[in-house]
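Read the structure below first, then the notes.
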Amino acid sequence: MPVISFENVTKVYPLPAGDVVALDGVDIAIEEGEFVLIMGPSGSGKSTLLNIMGSLDVPTSGEVTIAGRKISRMDDDDLTLLRRDHIGFVFQQFNLIPLLSVVENVEYPLILKGRQNGARKRAEEVLTAVGIAATHFSHKPGELSGGQQQRAAIARALVNDPDFLLCDEPTGNLDSKTGTAIMDLLSRMNREEGKTVVMVTHDIRMTEYADRTIHLEDGKVVA
Ligand code: ADP
Ligand code: ADP
């Protein structure tokens, strides 16, 4: 069974000037262990697609199944739990909490789940796995380079062992060398840990890392 499946998914934003069709009859199946890119011009529906995959938004029609659950049967609380327990998010702007240390940021998802026991040890393990030195664990995110902050953000996304990672332009805020290092890290998590990765990017160079690329245009999958 796919980790994420979309069947004839449509998303319409009703606006005073007329409806905007952001997704138009989209069919997608993402299998466990895949590394999939989502590309397309501005306004083609990439963010809308990612928001629905992340259970941050729901379709107007069609069926979406995430981690084996049909989201049409879920209320807001169910969607929050789905997000918390099954999905890791990685953003362009890192979205680390500035007042918490690096290790506190990474253990935060475990604390939210009431898994204080062993949380610090688990956070340190994952930070080490993504290449953050122990000397940096107690630093605030602002004291780290952009590449290190993104590594810490990836550690936070992985700490709960999610079913898949959703990455929104994860290298968009990094210079090209650092961006490559982050892609290498995500690729390693995919190949060595079997982590499913779905990534929105504008960067055509990223296609060499991916199993396949879904191209969107005007809310439709065109390739
Ligand atoms: P992309 O991420 O590829 O730029 P989006 O998913 O952001 O595309 O947008 C797809 C279409 O839906 C665009 O026409 C955009 O203007 C519209 N849209 C996106 N979000 C909203 C919203 N919250 N309300 C109204 N229209 C929206
Ligand atoms: P790595 O970060 O090295 O890839 P894994 O993600 O495979 O490691 O997990 C390492 C160990 O941590 C495994 O034994 C796994 O069962 C355990 N683990 C996974 N998720 C959690 C969690 N949320 N809290 C505590 N331990 C966990």
* **Karplus (6.51, -1.76, 1.60) ³J(HN,Hα), θ = phi - 60°, over the stretch 178-195, in Hz, Gly and Pro reported as x** => 5, x, 4, 4, 5, 4, 4, 5, 5, 5, 5, 4, 5, 6, 8, 9, x, 6
* **More than 14 angstrom apart: percent of Cα pairs within the stretch 8-59** => 58
* Per residue, how much space in cubic angstrom lies within the convex hull of the C-alpha atoms of the stretch 1-101? -> 154
* To do: Collect residues whose amide H, placed 1.01 Å from N in the peptide plane, falls under 5 Å from the amide H of Phe164; neighbours closer than 5 in sequence don't count.
  => Gly88
* Structure fact -> Counting only residues 5 or more apart in sequence or on a different chain, those whose built amide H sits under 5 Å from that of Phe35 are Val197, Asp211, Arg212
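Near Leu37, within a Cβ-to-Cβ distance under 14 Å, what is the net charge of the other residues, with Lys and Arg +1 and Asp and Glu -1?
Numbers: positive: Lys46, Arg205, Arg212; negative: Glu34, Asp168, Glu169, Asp203, Glu208, Asp211.
With Lys, Arg at +1 and Asp, Glu at -1, the net is -3.
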* Obtain the nm distance between the two label points defined at Lys70 and Val12 by a simple spin-label model: each point lies 7 Å from its Cα along the Cα-to-C-beta direction. => 2.2
* **Reduced Cα scattering model of the stretch 31-155, Debye log10 I(q)/I(0), q = 0.13, 0.14, 0.15 Å⁻¹** => -0.66, -0.75, -0.85
* Structure fact -> Karplus-derived 3J(HN,Hα) from phi for the stretch 84-101 (6.51 cos²θ - 1.76 cosθ + 1.60, θ = phi - 60°), whole Hz, x at Gly and Pro, runs 5, 9, 10, 10, x, 10, 10, 10, 4, 8, 6, 6, 7, 7, x, 8, 9, 5
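Full extension from Asp77 to Asp27: what is 0.36 nm times the residue separation minus their Cα-Cα distance, to one decimal in nm? If you can, show how the numbers build up before the last one.
Numbers: separation 50, 0.36 × 50 = 18.00 nm, distance 2.60 nm.
The Asp77-Asp27 span can extend by a further 15.4 nm.
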* Pairs of Cα atoms under 8 Å, at least six residues apart: use those to get the relative contact order of the chain, whole percent. => 30
* Asked: Convex hull volume of the Cα atoms in the chain, per residue, in Å³?
  -> 134
* Structure fact -> Rounded to whole angstrom, the alpha-carbon centroid of the stretch 156-223 lies from that of the stretch 82-143 at a distance of 19
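As a quick test, which of the pairs Lys11/Lys195; Lys46/Lys140; Lys46/Lys195; Lys121/Lys177; Lys140/Lys195 have an alpha carbon distance above 23 angstrom in this structure?
Values: Lys11/Lys195 28 Å; Lys46/Lys140 32 Å; Lys46/Lys195 21 Å; Lys121/Lys177 30 Å; Lys140/Lys195 27 Å.
Violating the 23 Å limit, Cα to Cα: Lys11/Lys195; Lys46/Lys140; Lys121/Lys177; Lys140/Lys195.
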* Quick one: work out Rg over Rh on the C-alpha atoms of the stretch 153-206, Rh as Kirkwood radius. => 0.94
* What is the calculated FRET efficiency for Arg212 to Ile97, with r their C-beta to C-beta distance and R₀ = 41 Å, to the nearest 0.05? -> 0.75
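Since every read-out is calculated from the coordinates, none of them should be taken as a lab result. Predicted model, so just to flag it, every value in this text is computed and none were measured. Cβ sites come from the backbone with ideal geometry, for glycine too, and all protein chains shown count toward neighbours.
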